[in-house]
Amino acid sequence: MQLLNNKLTLLVPTKDNDGKAIDVNYIESMLINTAGGCTVFDAKGDWLSGGRIYGDHIKAMQVNYMDIDAKAVQAVINKMILYLLKQGGQKAVSVESYNGLSIYNQDDVKTLKQEIKLANVRTH
């Protein structure tokens, strides 16, 4: 038996804020190549901002992994968060874990880049 005792779920919108498709296949491929697998669920996310309800169709991309792979998986998750913030034009990116929901935005970019560098892991 193999125990994959860690889980992260990256919530990836299928379109950016201008309606342009986000390359969800690229993100899924990066996760598969790093974690060895990825389970993808179709979902819908809604949130309230400034009295208005916004919504996204999303792909919930879940990876399960062992402690030994944690640095590599976290580094690629951080890279995908940066990808979604920059190329995907997202104002925020959500990642679920056993600890709860983390919401990343532009204020987190510098820290994410530093964490990737510190991980010193090649992530394609």
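Just to verify a result, which residue in region 49-81, among those that are farther than 12 Å from Val95 by Cβ and polar (S, T, N, Q), is nearest to the chain's Cα centre (by Cα)?
Here the residue is Asn64.
Hey, among the residues in region 24-36 that are at pLDDT 95 or above and of a type outside the set (A, V, I, L, M), which one's surrounded by the fewest Cβ atoms within 10 Å (Cβ to Cβ)?
Asn25
Can you find a residue that is touching a Gly at 6+ places or on another chain (Cβ under 6 Å) and not in a helix (DSSP H, G or I) anywhere in region 32-53?
Looking for residues that are touching a Gly at 6+ places or on another chain (Cβ under 6 Å) and not in a helix (DSSP H, G or I), one finds at least one in region 32-53, hence yes.
What pairs can you find where one residue is in region 91-117 and farther than 21 Å from Asp67 by Cα, the other is surrounded by 13 or more Cβ atoms within 10 Å (Cβ to Cβ) and aromatic (Phe, Trp, Tyr), and their Cβ atoms are less than 7 Å apart, with a gap of 6+ or different chains?
Between residues of region 91-117 that are farther than 21 Å from Asp67 by Cα and residues that are surrounded by 13 or more Cβ atoms within 10 Å (Cβ to Cβ) and aromatic (Phe, Trp, Tyr), the close pairs are Ala92/Tyr104; Val93/Tyr104.
Taking region 52-73 as the region of interest, how many residues are among the basic types (Lys, Arg) and either crowded, with 17+ Cβ neighbours inside 10 Å or within 16 Å of Ile22 (Cβ to Cβ) (or both)?
Number satisfying all stated conditions: 1.
In region 21-31, how many residues are over 13 Å from Leu84 (Cβ atoms) and part of a loop (DSSP other than H, G, I, E, B)?
The qualifying residues number 0.
Taking the stated definitions as given, is Lys7 of a type in the set (Lys, Arg) and outside any strand (DSSP E or B)?
Answer is no for this residue.
The values are calculated or read from the model by the stated rules, or taken from the named source; none is laboratory data. Treat the numbers as computed from the prediction; the structure is a model and nothing was measured. Glycine gets a Cβ as well: all are built from the backbone with ideal geometry, and neighbour counts include every protein chain shown.
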